[in-house]
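Below: the structure, in C-alpha cells.
The values are calculated or read from the model by the stated rules, or taken from the named source; none is laboratory data. Computed from a predicted model, the values in this text were never measured in an experiment. Backbone-built Cβ (ideal geometry, glycine too); neighbour counts: all protein chains shown.
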Amino acid sequence: MLKAPDLPDTIPVFPLPGALLLPRARLPLHIFEPRYLAMLDDTLKTPHRLIGMIQPREGPGGSGRKLQSIGCAGRVTAFSETEDGRYMITLSGISRYRVLGEQSGFTPYLKADISWDGFERDMGPCETDPGFLRKPFLSLLSRFFESRGLSTDWDSLEEAEDELLINSLSMLCPFAPEDRQALLEAPSLATRRETLVTLIEFALRSGSNEETMQ
C-alpha cells in the first residue's frame, strides 16, 4: 500500500471530461489512444504505477483547454490487453492532488508537477458521515433514478458503508463535469454527501420545470 512519503512530485495526467475518481474508489478505463497507451506503458514501469485523473476546463476567454487545479491519482491495479492492442485498466484511487505546473514536450502525453498537501485524510481510513440519514437519502435517490430511467441494486445500496455509497454515487450519477469537480473537491465525506443531495434536488427541480413547460 502506498504511503505519503512514497508519492512522487510529478505524475502523468489523464484529462478526461466527466470521469471522476475518488480516494479508495475504483475507476475502470478503456485506453486506446496512442499517447495514452504510451502513458500506460511508462506508468507500469514505475514503482508507484500512478496516473492522475483530472478534468479539463476552458481557459480564460475561450483561450484553449486547461486543467482544473485539483485531480485524483489512482494506482493501476488491474489491466488486460485486447487482441488489437488496447487496454482495459482499473485505477484504485489513492489521493487527490493540486496541480502546480504542467510539463509538456518530453512525452506524447501530459505530465504535471503536483502537491499532495492538504489531502492527508485521503490516505487514511475510510470516512464516516455521522449526519447521514440513509432512508430519506435513498428515497430522494429513488426519485432521481426513476426520473432518469436508471436502475440499481437497492439492497446493496442499503447495506453499503457510508463512504462506498456516497463516493460510488458521486462517480456514477450523470452529472456535468463542473458538478463532478465540486464533488471531487468536497473537503469531507459529509460535504460530498451534501453536495450530492443538492445536485440531485436541483436535477429533480429542473426536470419538473421542463415537464411543466412542455
Practice task
Name every residue in segment 133-170 that is assigned to a loop (DSSP other than H, G, I, E, B), among the acidic types (Asp, Glu) and surrounded by 11 or more Cβ atoms within 10 Å (Cβ to Cβ), in order of residue number.
Solution key: Glu161
Exercise for the section: Output the residue which, of all residues in segment 45-58 that are over 27 Å from Gly85 (Cβ atoms) and surrounded by fewer than 18 Cβ atoms within 10 Å (Cβ to Cβ), is nearest to the chain's Cα centre (by Cα). Expected result: Arg57
Practice task
For segment 123-132, indicate whether the set of residues that are under 27 Å from His48 (Cα atoms), within 18 Å of the chain's Cα centre (by Cα) and part of a helix (DSSP H, G or I) is non-empty.
Solution key: yes
Practice task
Kindly indicate which of Lys111, Lys135 is among the charged types (D, E, K, R) and in contact with a strand residue (DSSP E or B) (Cβ under 6 Å, 6 or more places away or on another chain).
Solution key: Lys111
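For the structure I just gave you, tell me whether Tyr87 is surrounded by 15 or more Cβ atoms within 10 Å (Cβ to Cβ), out of contact with any Cys (no Cβ under 9 Å at 6 or more places or on another chain) and in the same structural domain as Pro47 (by TED's automatic domain parsing).
Taking the combined requirement at face value, the residue satisfies it.
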Problem - Glu102 being over 19 Å from the mean Cα position of the chain (by Cα) and part of a strand (DSSP E or B) - result: yes
Fill in the blank from the handout: Within segment 11-44, restricting to residues that are part of a loop (DSSP other than H, G, I, E, B), in contact with a helix residue (DSSP H, G or I) (Cβ under 6 Å, 6 or more places away or on another chain) and not hydrophobic (A, V, I, L, M, F, W, C), the one that is surrounded by the most Cβ atoms within 10 Å (Cβ to Cβ) is Pro23
